[in-house]
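Participant: Supplied in structure tokens, the structure appears directly below.
The values are calculated or read from the model by the stated rules, or taken from the named source; none is laboratory data. All values derive from a computational prediction rather than experimental measurement. So basically every Cβ, Gly included, is an ideal-geometry build from the backbone, and we count neighbours across all protein chains shown.
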Amino acid sequence: MKLAELFHSIQGEGKLSGVPSVFVRASGCNLRCVWCDTPYASWQPEGDDVPVDEIVRRVGGFNCRHVVVTGGEPMIMPQVVELCDRLKRRDHHVTVETAATVYKPVRLDLASLSPKLSNSTPWQRDGGRFAEAHERQRINVPVIQQFIDTSPEFQLKFVVSSERDLEEIHALLRQLRGWNASDVLLMPEGVDTVTLDSRAGWIADVCKRTGFRFCPRLHVALYGNTRGT
Ligand code: SF4
């Protein structure tokens, strides 16, 4: 699997925020979010092909039960089913972080689904050459529903930059079944504390009104937007 990085850190987002975890970051993505915070796994994918055996061995070296398989987009990696199966057989708790545009029957404990809103479409970036493909692929309702239906636990995590995003979130949720408000996480867009703080107040108010969860980015507070932390 093309691997951008593998490192031991603290889960900074979502229901398992604060849990020490090993991150396995696949390199390559079918989307091109304009604000992507891991461009080395999407816009300019870096890294080498690493056999699943080697990934599992390196994960085992950290003596850490929780593993987060992330990207890029891990669901487009041919070896992701085998990787998750091998990690589960070693009794790891496996979170898979995906934009939920592609389904694969992976063994996991938490499906962290992050459907991308229209605020992600790169109309201006790189002359807009990825915008139409991104726009076509960014939401796949049947795939999101399949993850919800087949996962032991899931969360729906939305990157929010303005109040206009809320109508899109509600419109998507109306098309999905089997979720509770506490499965929905609103995360401010931003990779520095000033930007995150500027959006936190009104997003927290929305969470109080709707029962959605406010999702801080703990790793930004702990480490800044630093690769491999
Ligand atoms: S789906 Fe994730 S990895 Fe891919 S471009 Fe968007 S933010 Fe980056």
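Participant: Quick check: anything in segment 167-182 modelled with pLDDT under 95 and farther than 17 Å from Thr101 by Cβ?
Facilitator: Going through segment 167-182, the residues modelled with pLDDT under 95 turn out to be none.
So far as segment 167-182 goes, no, none of its residues is modelled with pLDDT under 95 and farther than 17 Å from Thr101 by Cβ.
Participant: Which count do you get for residues in segment 11-52 that are charged (D, E, K, R) and within 16 Å of the chain's Cα centre (by Cα)? Walk me through it before giving the result.
Facilitator: At the first step, the residues of segment 11-52 found to be charged (D, E, K, R) are 13, 15, 25, 32, 37, 46, 48-49.
If we keep only those that are within 16 Å of the chain's Cα centre (by Cα) as well, we get 13, 15, 25, 32, 37.
So the answer is 5.
Participant: Let me ask another. Among the residues of segment 15-51, how many are within 14 Å of the ligand (Cβ to nearest atom) and not hydrophobic (A, V, I, L, M, F, W, C)?
Facilitator: Within segment 15-51, residues that are within 14 Å of the ligand (Cβ to nearest atom) and not hydrophobic (A, V, I, L, M, F, W, C) number 14.
Participant: Inspect all residues belonging to segment 52-73 and state whether any of them is within 16 Å of the ligand (Cβ to nearest atom), under 23 Å from Ile148 (Cα atoms), assigned to a loop (DSSP other than H, G, I, E, B) and small (Gly, Ala, Ser). It would help to see each step written out before you state the result.
Facilitator: Kept after step one, since they are within 16 Å of the ligand (Cβ to nearest atom), are these residues of segment 52-73: 68-73.
Keeping just the survivors that are under 23 Å from Ile148 (Cα atoms) gives 68-73.
Narrowing the set further to residues that are assigned to a loop (DSSP other than H, G, I, E, B) leaves 71-73.
Going one step further and asking which of them are small (Gly, Ala, Ser), we end up with 71-72.
Within segment 52-73 (the criterion being within 16 Å of the ligand (Cβ to nearest atom), under 23 Å from Ile148 (Cα atoms), assigned to a loop (DSSP other than H, G, I, E, B) and small (Gly, Ala, Ser)), the answer is yes, since at least one residue qualifies.
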